[in-house]
1. For the chain, what does the helix formula give at 222 nm: sum of -39500 (n - 2.57) over DSSP H segments with n ≥ 4, over the residue count, nearest 500 deg cm²/dmol?
2. Work out how much length ALA19 to ASP39 would gain on full extension: take 0.36 nm times their residue separation and subtract the Cα-Cα distance, in nm to one decimal.
3. Taking 0.36 nm per intervening residue step and subtracting the Cα-Cα distance, what contour gain separates ALA7 from SER49 on full extension?
4. With contacts defined as alpha carbon pairs under 8 Å and 6 or more residues apart, what's the relative contact order of the chain in percent?
5. Share of antiparallel DSSP beta bridges in the range 2-61, in percent to the nearest 5?
6. Where the only charges are on Cβ atoms (+1 Lys, Arg; -1 Asp, Glu), what is the dipole of the range 2-61 about its Cα centre, to the nearest 20 debye?
7. Considering only the other residues whose Cβ falls under 14 Å of the Cβ of ALA19, what net charge follows from Lys and Arg at +1 and Asp and Glu at -1?
8. Using only the alpha carbons of the chain, what is the convex hull's orientation-averaged projected area in square nanometres?
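Taken together, the values in this text are just the output of simple stated rules run on the coordinates, not laboratory data. None of these values were measured; they are calculated from a predicted model. Because the Cβ atoms are built from the backbone with ideal geometry, glycine has one as well, and the counts that use them run over all protein chains shown.
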Amino acid sequence: MLDLLAAKPCTLADDCGVAGLDDARCETVNLAANRCTYDCDLSNQCPNSVSCGSSDDNNYCGYVAP
């Protein structure tokens, strides 16, 4: 969550979250490409500034429909 709030840039999911854990993703967040985020099922699992969603049912915090 801290990487998401900091808008941490990334190239791979391994650049995000805790080293060695599969706990984060590298995605387009709020229209900014290559930012750290994480999986979610509901919007209340994300900070207020981002929503939970996806175009392929693989939801993450910060998805914005094109």
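1. Per the formula, -1000 deg cm²/dmol.
2. Details: separation 20, 0.36 × 20 = 7.20 nm, distance 1.66 nm.
Taking ALA19 through ASP39 to full extension adds about 5.5 nm, to one decimal.
3. Values: separation 42, 0.36 × 42 = 15.12 nm, distance 1.15 nm.
Length difference between fully extended and current span is 14.0 nm.
4. Details: 135 pairs, mean separation 16.7, N = 66.
So the answer I get is 25 percent.
5. Numbers: 8 of 8 bridges.
Antiparallel bridges make up about 100 percent of those DSSP assigns within the range 2-61.
6. On the way: 3 positive and 10 negative charges, 61 e Å.
In debye, rounded to 20, the range 2-61 gives about 300.
7. On the way: positive: LYS8; negative: ASP3, ASP14, ASP15, ASP22, ASP23.
Counting the neighbours of ALA19, the net charge comes to -4.
8. Values: hull surface 16.1 nm².
Projected over every direction and averaged, the Cα hull of the chain covers 4.0 nm².
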